[in-house]
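Report on the structure given below.
The values are calculated or read from the model by the stated rules, or taken from the named source; none is laboratory data. These figures come from a predicted structure and were not determined experimentally. Glycine gets a Cβ as well: all are built from the backbone with ideal geometry, and neighbour counts include every protein chain shown. Calculation scope for accessible area: heavy atoms of the full protein, side chains included, ligands and nucleic acids excluded. Shrake-Rupley method; radii C 1.70, N 1.55, O 1.52, S 1.80 Å.
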Amino acid sequence: ADLKSLDEHPEVYSIVIDKKTKNNTNVTEPWLKTQNGYRKNPLVDALRDFLLKYKVYIESLIESGDLVLPEGKTIEDLPIAHKGQNFLKRCSAGDLSRAGKQIFEMLGYRSQKLQEIHNEELFLLGNDISDEAIEKDPTTYILRRHGCTRLVGLDFTESEIDFVMGHSMNDDPETRDMFFNDDLQYEMYMKLKNHPLNKRSKELLEDLFSR
């Protein structure tokens, strides 16, 4: 239910981020680290298509009786990121970190290579590469940094990047509220049309759902 389509552009979906998991658990709490964490981010077409198709798959499991929901619950209550084949159990931050590390290892990216990527991201974002900034054992947080770098390449404005990433904004709070407006959501979505993932969307879907 955290996936919302825009009223004027129903083909455009955004994800609402309004909660976080408690430390070392998969239990959510209705507040974020800071007020900047609350946001609504338009989805890349490739991710939108995957989530909508995956939702249809889960609906088929419910209809066949292979997945039984708790009383009073619907598919809208299920977590987007679930643990393994347990569709009812939300992933913790630790689960996502371990999954990310496994992907890096499968691709052959060991700590030294990840460190090089991490330093490159810092440089592209204009951050100093200092002893304090370097992560000795890069984590999946590098994916977040890489996503931020992609936004720069897609010509997102500084304010748009701050909003999407949940950074503090130099502008007043009203500026942050503006980005929840469907018109500005659509503007950001159109910039995401050039995201490299979209070029492989059909191929990725066929690969994922053939497994």
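Summary table
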quantity: Long-range amide H partners of LYS20 with built H, under 5 Å; calculated: GLU29, TRP31
quantity: Lys pairs under 16 Å by Cα in segment 47-112, provided they are eight or more residues apart or on distinct chains; calculated: 5
quantity: Percent carbon-and-sulfur accessible area, segment 67-107, ignoring ligands, DNA and RNA, probe 1.4 Å; calculated: 56
quantity: Charge tally in the Cβ shell below 13 Å around SER60, where Lys, Arg are +1 and Asp, Glu are -1, SER60 excluded; calculated: -1
quantity: Percentage relative contact order, segment 1-104, counting C-alpha pairs under 8 Å, at least six apart; calculated: 22
quantity: VAL12 long-range amide H proximity, modeled H, under 5 Å; calculated: LEU6
